[in-house]
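Peer 1: Mind looking over this structure? Questions follow.
Readers should treat all values here as calculations from the given coordinates under stated rules, not as data from a laboratory. Please read all numbers here as calculations on a predicted model, not as lab measurements. Neighbour counts run over all protein chains shown; Cβ positions are idealised from the backbone, glycine included.
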Amino acid sequence: MLCFIYKSLKKEHLYLYVDKKDDFSKVPEALFNSFGKMEFVMDLELTPERKLAKEEAGKVIDSLMAKGFFVQLPPVHIPMPLKIQ
């Protein structure tokens, strides 16, 4: 499955995958607006076996087929608990 990836210029590590280049019609308006300005990153041929850096390809494909888009959120940083001596 071919997909098209855009990055948010407003928030680092926030990406939007869509099933058609420059077609954001399936993305809810509030979600689309939360991205701010976006920049096209690349097109990518996805298969369930393909290794992606941050997501499972099957999960992305399922979302693209069901909704027409997928959002890759920035990583969550969980602070390490402080050691009390």
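Peer 1: Which ones in segment 22-33 are in contact with a Leu (Cβ under 9 Å, 6 or more places away or on another chain) and either more than 14 Å from PHE70 (Cα to Cα) or part of a loop (DSSP other than H, G, I, E, B) (or both)?
Peer 2: PHE24, VAL27
Peer 1: Further question: Restricting to segment 7-33, name every residue that is within 16 Å of PRO74 (Cα to Cα) and either exposed (fewer than 15 other Cβ atoms within 10 Å of the Cβ) or touching a residue at least 60 places away in the same chain (Cβ under 8 Å) (or both).
Peer 2: Listed by number, the residues that qualify are LEU9, LYS10, LYS11, GLU12, HIS13, LEU14, LEU31.
Peer 1: Please go through segment 26-64 and pick out each residue that is touching a helix residue (DSSP H, G or I) at 6+ places or on another chain (Cβ under 8 Å) and acidic (Asp, Glu).
Peer 2: GLU49
Peer 1: Anything in segment 41-60 that is loosely packed, with under 14 Cβ neighbours inside 10 Å, of a type in the set (Asp, Glu) and closer than 21 Å to PRO74 by Cβ? List them, or say none.
Peer 2: Of everything in segment 41-60, just one residue is loosely packed, with under 14 Cβ neighbours inside 10 Å, of a type in the set (Asp, Glu) and closer than 21 Å to PRO74 by Cβ, namely GLU56.
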